[in-house]
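The values are calculated or read from the model by the stated rules, or taken from the named source; none is laboratory data. Since the model is a prediction, treat every value here as computed from it, not as a measurement. A quick note on method: Cβ atoms are made from the backbone with ideal geometry, for glycine too, and the neighbour counts reach across all protein chains shown. Accessible surface is based on the protein model in full, side chains and every heavy atom, while ligands, DNA and RNA are left aside. Shrake-Rupley method; radii C 1.70, N 1.55, O 1.52, S 1.80 Å.
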Amino acid sequence: MDRSLAVERLLRDVPPHDLTRALRAALREHFGAGAVELLMADYALTELCQVGEQPYSSEPIPVEGTTPGAAFVAQAATFEPAADGVTGYFPVSVRGDRLGVLAVTLPAEPEPPVWAELERFAEAVAHELFVADRDTDLYIQARRSSRLTLAAEMQWQLLPGRACTRAEFALGGQLEPAYAIYGDCFDWSASASKLAVTLINGMGEGSEAALLTNLAINALRNARRAGIPLDAQAELADQALYAHHRGAEHVAALLLEFDLATGSVAVVDAGSPRLWRLRDGKAERVLFDEQLPLGTFDGTIYEVESLQAAEGDRFVFVSDGVYNAVGTHGERYGDRELAEAVTATADLPAAHVPGAVLRELTSRRHGGQAEDDAMVVCLDWFGAVPVAGTGTGPAISVRPAGE
């Protein structure tokens, strides 16, 4: 049997908790590899943590300033000399979601086809990790360099992922403080013809805020999966929240539905998450008619607005933990600073933008400490890809701030 097929078959056949050991044995047998380690990116995306039998049993590797970190950031294989040969670091990613790095040490630098095989194995490992997480905590434990709060545990398990890439778009999102997040959350789902994006800013603190956000996200998912229009999705989620809290608790939300064949976007603005658009090098806030947060009153009716995405547009969504952050002199972070941050990160891939904006925000905060949790989501629109059976759709306008 071809050695590539042998390794990939072994990955599919071993118990989920045994992926690392099986990969190490297979690469030693078929490639003469020495050390083989799986490094998982932590929740803050600032460290790479070695997968071991116990969590916190090895020192994390910083992403910044290290060779494995360079492979993770650039999403490209990197190499460095080792005492017993050469070590290659290969991105472990699936559909744009960056999970970590596979480190493989070989006796001597091999030919390019061998590196290409190892890159493919790293991608196969990423797919297997998605499946393995259903049945074992091993890789979830390896992603944390310290303990999460209960609220953070609830929020991270609620997310669809932290990045997603398709021909029409690329998405990336991040929550901070990563190990103590509570009310902010994002969600997305794509079909052949639609992309749904949800931004949530739940009120409150700790696990109570996380419970409120969980109820909102699952109510919206339930409505979306029933195939009903965007305004009805908001209304059903509103009813679910009001029925449980009778208006005492509410959730600010921004709901969007992209038509992948035309680039037209349906929008329901139900609160505080805000949107910036970068087009032709210029960043500006996109305003909608802000409606009541979900769960405020019984029987609220929501209206759908619309905008048109153009090829090359970048959309950056932020929660109030970003735009209400207090600076070193008591000033709010504000629209001007956000526009500057969106422009400054224009050359970064979508998956990298949220972390970069949040790091810049931290540098401006008074004392560097967050008074509220913060969410940033970036969406790059590459251009509509026609879908069989759909029309081109009407031209739809956008209303920038100040108009």
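Remarks
- Criterion violated by residue 134 - all others in (1) among the basic types (Lys, Arg); (2) in a loop (DSSP other than H, G, I, E, B); (3) touching a helix residue (DSSP H, G or I) at 6+ places or on another chain (Cβ under 7 Å) satisfied: (3)
- Some residue of the stretch 185-200 being open to solvent by 10 Å² or more (accessible area, probe 1.4 Å), modelled with pLDDT under 95 and in contact with a helix residue (DSSP H, G or I) (Cβ under 7 Å, 6 or more places away or on another chain): no
- Which listed residue, of 53, 37, 8, 47, is among the acidic types (Asp, Glu), at pLDDT below 90 and crowded, with 17+ Cβ neighbours inside 10 Å: 8
- Residue within the stretch 106-129 that is of a type outside the set (Ser, Thr, Tyr), over 24 Å from residue 354 (Cβ atoms) and assigned to a strand (DSSP E or B) present: yes
- Of 162, 134, 95, all but one fail to be basic (Lys, Arg), surrounded by fewer than 17 Cβ atoms within 10 Å (Cβ to Cβ), closer than 16 Å to residue 73 by Cα and under 20 Å from the mean Cα position of the chain (by Cα); the exception is 95.
- Test: residue 119 is surrounded by fewer than 19 Cβ atoms within 10 Å (Cβ to Cβ) and touching a Phe, Trp or Tyr at 6+ places or on another chain (Cβ under 8 Å): yes
- Per-region count, the stretch 311-347, residues modelled with pLDDT under 80 and at negative phi: 7
- Residues in the stretch 144-159 that are surrounded by fewer than 22 Cβ atoms within 10 Å (Cβ to Cβ) and either closer than 27 Å to residue 32 by Cβ or of a type in the set (Lys, Arg) (or both): 147 only.
- Test for residue 107: is it at pLDDT 95 or above, open to solvent by 40 Å² or more (accessible area, probe 1.4 Å) and on the phi < 0 side of the Ramachandran plot: no
- Output for the stretch 56-92, where each listed residue is closer than 26 Å to residue 157 by Cα and more than 23 Å from the chain's Cα centre (by Cα): 56, 57, 58, 59
- In this entry, residue 96 passes the filter for residues that are small (Gly, Ala, Ser) and either more than 20 Å from residue 114 (Cβ to Cβ) or out of contact with any helix residue (DSSP H, G or I) (no Cβ under 7 Å at 6 or more places or on another chain) (or both).
This table checks each residue for (1) crowded, with 20+ Cβ neighbours inside 10 Å; (2) in contact with a Lys or Arg (Cβ under 7 Å, 6 or more places away or on another chain); (3) under 19 Å from residue 94 (Cβ atoms).
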{"position": "2", "(1), (2), (3)": "no, no, no"}
{"position": "18", "(1), (2), (3)": "no, no, no"}
{"position": "25", "(1), (2), (3)": "no, no, no"}
{"position": "28", "(1), (2), (3)": "no, no, no"}
{"position": "33", "(1), (2), (3)": "yes, no, no"}
{"position": "43", "(1), (2), (3)": "yes, yes, yes"}
